[in-house]
1. Output the relative contact order of the stretch B:437-505, whole-number percent, from Cα pairs under 8 angstrom with separation of 6+ residues.
2. Testing the spin-label approximation: label points 7 Å from Cα along Cα→Cβ at A:D139 and B:A546. State their distance in nm.
3. Between B:K138 and B:V305, what is the FRET efficiency for a Förster distance of 35 Å, r being their Cβ-Cβ separation, to the nearest 0.05?
4. Which aspartates and glutamates, if any, have their Cα less than 15 Å from the Cα of B:K446, not counting same-chain residues under 8 positions apart?
5. For the stretch A:48-112, what is the Kirkwood estimate of the hydrodynamic radius, computed as the reciprocal of the mean inverse distance between distinct Cα atoms, to one decimal in Å?
6. Determine ³J(HN,Hα), in whole Hz, for all residues of the stretch B:345-354 in sequence, where each value follows from phi through the Karplus function 6.51 cos²θ - 1.76 cosθ + 1.60 and θ = phi - 60°; x replaces Gly and Pro.
7. Would you mind giving the mean number of other chain beta-carbons within 10 Å of the Cβ of each residue in A:59-71, as a whole number?
8. Add +1 for every Lys or Arg and -1 for every Asp or Glu among the other residues with Cβ under 11 Å from the Cβ of B:M298, and state the total.
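What follows draws every value from the coordinates through simple rules; no lab data is involved. Note that the structure is predicted; figures quoted are calculated from it, not measured. FYI the Cβ positions are ideal-geometry reconstructions off the backbone, even for glycines, and counts take in every protein chain you see.
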Amino acid sequence: MTTLFALGASPKTMAVGYAPTQPVPYSHALHAGKLGIDCRYCHNTVEKTAFASLPATQTCMNCHTKIRTDSDLLKPVRDSWTTGESIHWIKIHNLANYVYFNHSAHVSHGVGCVECHGRIDRMDIVFQAAPLSMGWCLDCHRAPESHLRPKDQITNMDWKHPEGPEAQELGTQLKQQYQIHDTAYMTSCYTCHR
Amino acid sequence: MNHEQNQAAVAKGASYWRSLAHLADSPEMQEMIGKEFPGYDVDEMLSPASRRSFLKFAGASMALAGLTLSGCRRWPEEKLAPYSTNPRGRIPGVPEQYATAMEVGGVAQPLLVTSYDGRPIKIEGNPSHPFSWTVKEKLGSADAFAQASILEMYDPHRSRTVMLDGKESSWDAFAAIAQKQFSALRGNGDGLAVVSEAFSGPSAVELKRRFVAAFPKANWVEYEPINREAEIEGAKLAFGKPVRTVLHLDKASHVLLLDADVLYSHPAHVKYAADWSERRRSADSEEMHRGEMSRVFMAETGLSVTGSVADVRLPVDPARLYAVTRAIAGKVGVAGVSGDEKLSAAEEKFVAAAVTDLKDNGVVAGGGALSPAGHALVHAINEKIGAVGKTVTLHEDPTADRPGYAKAMGDLVVDLNAGKVSMLLILGGNPAYDAPADLKFDEAIKKAPIRIRLGLYEDETSALCNWHLPRAHYLESWGDARAWDGTEGIVQPLIMPLYDGKSITELLALLAGEKVTDGHEIVVRTWGEQLPKDAGDLPLRKVIEAGLMEDTAYPAANVTVQASSYPASTEGHLHPLRCGFAHVRRAICQQRLASGNARPDDQAGLGQRGSDFQERCRRLGSDDRRHHQDRR
């Protein structure tokens, strides 16, 4: 019974791998992986705001007025463009309302996209890679050093953390450089539950 | 407490009890009081075996939920709807601030409104506007009414649809019928009467001009229940024309106030409070004006915010206020006023203290219950002590170029009762509720066959009208307005109208048959005429962003006191709005007698001197501020 309880209610089971069918079968593997479009071309507010905005239809149409202009798969995008109505995407990474999460605080302080979202650049259909549970958040909040990367590697999904003593050295240096708070602040209830 | 004790308590006449059942002391009550957690079995809750079984059940049910919910999903599905085209400069999730203004009684209060993802959420003063800042260029202030107006905008009780005789209608239906009726009146306007709120913005004034030009014979009545009629009349007595008085309390060392609540109920009170506190620095302060404490003398007819912080305060009967003013004028040496006013000991002491240093950077201001003659004396005193141009400046006041409210409303009621008004248009306000009770406006209004009302709420006035039209809130509409000193500012909307409302300007444009009826286009057109034309829309954008147009204050009025004598203090010096409108009623009786439409009691009405003050208080609420709030 206990096992069943753990399996049934754990975010690992309930959230990881969630991959709903979106109105447009947008492939991150194609756009971000093969074509190498930077994450911030579409998610342009991610360094400025708490919420990583989805791109406006306008952003899609920057290219798709010229490329694949009559693709059936892109019809919802063209419809949105002509009518001005939003495309209704399904939210994948969904935190509880009692958690405050700020994208800009993470992205501009050395946490790469890949740390939480996984290899988006290899996903044809985006799924949730990490459990996004409180325990999982705290793993990093307790010891941020091993998860930080240089500023120019934030959106690079291929970048690997160094191994061995070098890792410790770089982590400490980056923590200082990004002015990451001490453990007491990083694990305080109020930091996330405001 | 056990049963015996309880019995004893009741027998003694228990001094306190938790309920009537407790006092009656029934056996059920006894049992209930004995338990700490009524309805629960404490022993069972705490027994280990029971807790384990509870968790077992809970775990099983959650596991089942996890297995059976589609897709093993933790949360309900949520949608994300990004813009089709991003609005310029908009970053979702980042609050933005826009300058706008709230107009009350024809005076704008400059504001800076915070908007979150397209919804206004907080109102503060505009820090770049001199009539709003408390710390120059850093901190804007707004009063309680402006702060509360955001709740007014979201108020679910606001009127939402066009109503015709109590049934839902539409703007299209109204426009079709009204345009036909109004185009029949075009060029004439006979029988058309308008009761409007006061407004000061160039676009609104221009639209009024166009409306009146289209219907030249229409009777345009402006009415505000909280107004400064006595002040305007007083300026006319003193100078021969109305002026806008601007106090400079940051420059005044001695402030003598005659029922003038300048820190709270004055239209410019946000600025006045900031200016006044600028001169209340103690000797320990490290800021400007260190140690320069101004002194405030207040003679007032009721306790006010300003009176509560005055250094010397004299509670005074409204009927004595003029006498005190006259005594001060006499002491200062105003020509035409003898200094032999009979005063009580308290009044004598107050006057002596108040005038001592008045010539040394002093200023006098009147308000509240002060009569027109009292206001004229205030101007004369200011001139005599050399305050004009230093601690007080006088400006032209184009908004006062209109009939007095009392006369205009009185004449309208006479016209209504005589059946001369065939179409009555009521813009904002709530005259059926707040017009002077003696006028019986709520009865007269029914004599007009067609009654159209634009209002935020379906209120007393709407109930008496055929058409009720929902009004757009100031946070929903384009417009413009002038601050107390006349500085022009643009009212820009923070959100599209929630309930399909229109502003006064838009309705006037619609009824006057204008080609341009959109509020934004009207504002662009009006401002396009006074802004440089070679730079596209940039100058207008700058004005909208700043919330004000520099150098648009009312020009200084080049006036000197002309009055050479002032009435004695023995009678007739109550404020016109505080003496029950007996004089208006007398005028109505007189008009009816003259026109041959006299009623049986009109001859008796001529001699009436009594006041309906209590009746008015009952209807209006005796507290002006509270009433003001109701109206907004």
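1. Across the stretch B:437-505, relative contact order equals 26 percent.
2. Calculated label separation equals 5.7 nm.
3. 0.90
4. Excluding near neighbours in sequence, the set is B:D165, B:D415, B:E460.
5. By the Kirkwood definition, the hydrodynamic radius is 14.3 Å.
6. Along the stretch B:345-354, the couplings run 4, 5, 5, 4, 5, 4, 4, 4, 5, 5 Hz.
7. 1
8. -2
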